[in-house]
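K.L.:
Have a look at this one.
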Amino acid sequence: MAQAETSKVYRGNLDKLITQINGSRGIDLGQYRRQYLERRIAARLRALNLHTYRQYGTYLDEHAEEYAKLLDTLTINVTEFYRDAAVFDLFRNQIVPAMIDEKLRTRHRMIRAWSAGCATGEETYSITMSFLAGMGEHRNNFLLSVLGTDLDSNALTVARGATYKIEKLGSIPSEHQVKYLEVEGDVFHIKPEVQRYVKFRPLNLFSDKPISVVDVIFCRNVFIYFSREQQDAVLDKFWSALSRGGYLVLGRSEKLGKEASARFELVNSRERIYRKPMGT
Ligand SMILES: C[S@@+](CC[C@H](N)C(=O)[O-])C[C@H]1O[C@@H](n2cnc3c(N)ncnc32)[C@H](O)[C@@H]1O
């Protein structure tokens with residue numbers, strides 16, 4: 001009982017803090033999942049040795065630079081190349097060839113992919129390398145373009161640099177290492193012939209207009225931060241952005257809600273791959 005009361009008081013204070021942050025910086029924290037916010041703000045409280053949301057509110061008032069730190073904490077961009085390798089294997093071996101067949105049949109030459117919430121670019125380059133490997137001999141018959149977007153412009157600067165620490169090499173299939181990367185001391189670079197297909201730009205999935213007419217959207221390990229309502233709103237945007245028959249790839253721990261499941265076709269439940277039906 002005492003605990004329930006404590007957590008109620010705690011929640012009340014968090015609402016006040018959220019309102020304060022929204023009001024002073026226009027960072028709409030209300031869109032994020034409650035538990036996620038609690039965990040991340042708690043990390044800032046611990047770092048500053050503060051004990052209540054109210055103290056944190058006062059600290060924010062007195063230290064404007066803390067807003068940037070809070071935003072950094074909320075947009076953790078932990079990522080890796082070929083994260084959950086099975087999804088990229090499936091993408092390269094089944095989805096890309098199916099897409100190519102369909103494009104040949106309908107005589108379309110453009111292939112567009114969107115890596116939404118791409119962090120420092122590892123996912124975006126993994127998609128591009130998988131496309132190049134999966135397209136095989138058709139590679140030069142199509143105009144491939146892969147766009148990586150994220151809220152965090154510092155992460156995008158890293159992505160554009162296309163240079164990563166050698167420790168990240170391990171998750172990249174060895175044949176892709178040979179074909180698409182250049183090792184230099186303790187870093188490696190993505191070769192220009194891969195980079196030429198890729199662009200990065202800032203985009204907030206909550207408030208910015210989505211990219212239009214894409215054949216595949218990867219949005220992995222991003223929805224975990226969003227409330228169900230917000231996920232549905234973003235899924236609506238993805239629905240409009242996808243071409244007919246276009247694919248949507250979510251993260252391993254992410255699932256479509258009821259409404260979205262009724263609209264999207266399931267392609268692979270384990271790898272969380274969905275599709276906008278052809279006849280829509
Ligand atoms: C954990 S990373 C995932 C990176 C990559 N997709 C992966 O699966 O490895 C989540 C990314 O989502 C971004 N993000 C969080 N909220 C966002 C929003 N509202 N709009 C766009 N990106 C957002 C963060 O900045 C972060 O880079």
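Values in this text are rule-based calculations from the coordinates and carry no lab data. Predicted model, so just to flag it, every value in this text is computed and none were measured. So basically every Cβ, Gly included, is an ideal-geometry build from the backbone, and we count neighbours across all protein chains shown.
K.L.:
Can you pull out the GluC sites (Glu not before Pro) in region 29-127 that DSSP calls coil and that have at most 13 other Cβ atoms within 10 Å? Write out the running numbers ahead of the final one.
P.N.:
On the way: sites: E38, E62, E65, E66, E80, E102, E122, E123; in loops: E65, E80.
Taking region 29-127 and a limit of 13 other Cβ atoms within 10 Å, the loop GluC sites (Glu not before Pro) found are E65.
K.L.:
Picking from M129, M99, M110, which is most flexible by a Gaussian network model of the chain using Cα springs under 10 Å?
P.N.:
M110
K.L.:
Can you tally the net charge around P277? Count Lys and Arg as +1, Asp and Glu as -1, for every other residue whose Cβ sits under 11 Å from the Cβ of P277. Mind dumping the intermediate values first?
P.N.:
On the way: positive: R244, R263, R275, K276; negative: E265.
Charge balance in the 11 Å sphere: +3.
K.L.:
Simple spin-label model, 7 Å along Cα-to-Cβ: D208 to R109 in nm?
P.N.:
So the two model labels end up 2.9 nm from each other.
K.L.:
For region 33-46, what does the Karplus curve 6.51 cos²θ - 1.76 cosθ + 1.60, with θ = phi - 60°, yield as ³J(HN,Hα) per residue in whole Hz, taken in order and with x for Gly and Pro?
P.N.:
With the stated coefficients, region 33-46 comes to 4, 3, 5, 5, 4, 4, 5, 6, 5, 4, 5, 5, 4, 4 Hz.
K.L.:
Assuming 0.36 nm per residue, please report the length gained on full extension of the stretch D186 to A64 beyond their Cα-Cα distance.
P.N.:
Numbers: separation 122, 0.36 × 122 = 43.92 nm, distance 3.70 nm.
Using 0.36 nm per residue and subtracting the Cα-Cα distance, I get 40.2 nm.
K.L.:
Restricting the count to DSSP beta bridges whose residues both fall in the chain, what percent are antiparallel, rounded to a multiple of 5?
P.N.:
Numbers: 14 of 34 bridges.
For the chain, the DSSP antiparallel bridge percentage is about 40.
K.L.:
Which residues' amide hydrogens lie under 5 Å from the amide hydrogen of D150, considering only partners 5 or more residues apart or on another chain, with H built in the peptide plane?
P.N.:
Those qualifying (amide H under 5 Å, at least 5 residues apart or on another chain) are G117, C118, R201, L203.
K.L.:
Add -39500 (n - 2.57) for each DSSP H run of 4 or more in the chain, then divide by its residues: what number comes out at 222 nm, to the nearest 500 deg cm²/dmol?
P.N.:
On the way: 12 runs with 129 residues, N = 280.
Value at 222 nm, helices only, nearest 500: -14000 deg cm²/dmol.
K.L.:
OK, next. If R0 is 41 Å, what FRET efficiency do you get for R33 and E167 from their C-beta distance, rounded to 0.05? Could the numbers behind the result be given before it?
P.N.:
Details: r = 31 Å, r/R0 = 0.75.
For R33 and E167, the calculated efficiency is 0.85.
K.L.:
In addition: For a quick check: with amide H placed at 1.01 Å from N, whose amide H comes under 5 Å from V187's, ignoring anything fewer than 5 positions away on the same chain?
P.N.:
Residues meeting the amide H criterion: I166.
K.L.:
Tally Lys and Arg at +1 and Asp and Glu at -1 over the other residues with C-beta under 9 Å from the C-beta of V146: what net charge comes out? Before the final figure, lay out the partial values.
P.N.:
Working: positive: R112, K199; negative: none.
Residues near V146 contribute +2 overall.
K.L.:
When a/c is below 1.5 the answer is rounded, else prolate if a/b is larger than b/c, else oblate, so apply that to the chain with a ≥ b ≥ c taken from the square roots of the Cα gyration tensor eigenvalues.
P.N.:
Values: a/c = 2.40, a/b = 1.62, b/c = 1.48.
It comes out prolate by the Cα gyration axes.
K.L.:
Let me ask another. Within the set of other residues whose C-beta is less than 15 Å from the C-beta of L169, count the net charge using Lys and Arg as +1 and Asp and Glu as -1. Before the final figure, lay out each step's value.
P.N.:
On the way: positive: R83, K165, K168, K179, K191; negative: E80, E122, E167, E175, E182, E184, D186.
Charge balance in the 15 Å sphere: -2.
K.L.:
Let me ask something else. Under a plain spin-label model, where a point goes 7 Å from the Cα along Cα-to-Cβ, how far apart in nm are S174 and T157?
P.N.:
Label at S174, label at T157, 3.7 nm between them.
K.L.:
Further question: Tell me the Kirkwood radius of region 14-94: reciprocal of the mean inverse pair distance over distinct alpha-carbon atoms, in Å. Please report the intermediate quantities before stating the final value.
P.N.:
Working: mean 1/r = 0.0691 Å⁻¹.
Roughly 14.5 Å, rounded to one decimal.
K.L.:
Among DSSP bridges having both ends in region 110-254, what percentage is antiparallel? Round to the nearest 5. Don't skip to the end; give the middle numbers.
P.N.:
Working: 7 of 27 bridges.
So the antiparallel bridges amount to about 25 percent of the total.
K.L.:
For a footprinting-style exposure proxy, rank L14, L205, L181 by other Cβ within 10 Å, fewest first.
P.N.:
Details: L14 17, L205 23, L181 20.
So the residues, fewest neighbours to most, are L14, L181, L205.
K.L.:
Just need the relative contact order of the chain here, percent rounded to a whole number, with Cα pairs under 8 Å and 6+ apart. Provide the component values of the computation, followed by the final result.
P.N.:
On the way: 384 pairs, mean separation 44.3, N = 280.
It comes to 16 percent, rounded to a whole number.
K.L.:
My understanding is that a pair violates if its Cα-Cα distance is over 20 Å; which of K103/K199; K103/K209; K199/K276; K16/K237; K237/K276 do that in this structure?
P.N.:
On the way: K103/K199 22 Å; K103/K209 26 Å; K199/K276 24 Å; K16/K237 30 Å; K237/K276 12 Å.
Pairs exceeding the cut-off: K103/K199; K103/K209; K199/K276; K16/K237.
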